[in-house]
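Engineer: The following block contains the structure, expressed as structure tokens.
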Amino acid sequence: MRDLDFWNKQDFEKHRTSSSAPRWRVALEEPRVVNSAAPVGLWRNCYDPGWLKKLDAPRRRLLKIINEDFDFTMPDYKDSIIKGEDGGGGEEGGEEGET
């Protein structure tokens, strides 16, 4: 999540608006845990494996888990800027003067 915060802050700096600056997440020593319904239809690595093991088969089926792992890998921000992947909507097309 910290990587997402970093990307968001960098993007905000490039495309400033009159809105408030993005906030940074602060890790709590004792995170708040809320007992709520689990979201349905996520990839298997989005669920806690220990929690899933505690569920009986019918409850696991109700979750409609996608039987693949989601790739949460994020590219390095600096590398993406060098490659021009900043999302800034750079110009596309041929050389200047080309028709």
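Engineer: For the range 4-47, name all the residues that are in contact with a Phe, Trp or Tyr (Cβ under 8 Å, 6 or more places away or on another chain), assigned to a helix (DSSP H, G or I) and at pLDDT below 80.
Structural biologist: Within the range 4-47, ASP5, PHE6, TRP7, LYS9, GLN10 meet the criteria.
Engineer: Let me ask something else about it. If GLY89 passes every condition in (1) surrounded by fewer than 11 Cβ atoms within 10 Å (Cβ to Cβ); (2) modelled with pLDDT of 65 or more but one, which one does it miss?
Structural biologist: Condition not satisfied by GLY89: (2).
Engineer: Go through the range 26-63 residue by residue and tally those that are surrounded by 10 or more Cβ atoms within 10 Å (Cβ to Cβ) and either in contact (Cβ under 8 Å) with a residue 24 or more places away in the chain or in contact with a Leu (Cβ under 6 Å, 6 or more places away or on another chain) (or both).
Structural biologist: Number satisfying all stated conditions: 7.
The values are calculated or read from the model by the stated rules, or taken from the named source; none is laboratory data. This structure is a prediction, so every number in the text was calculated from the model and none was measured. Neighbour counts run over all protein chains shown; Cβ positions are idealised from the backbone, glycine included.
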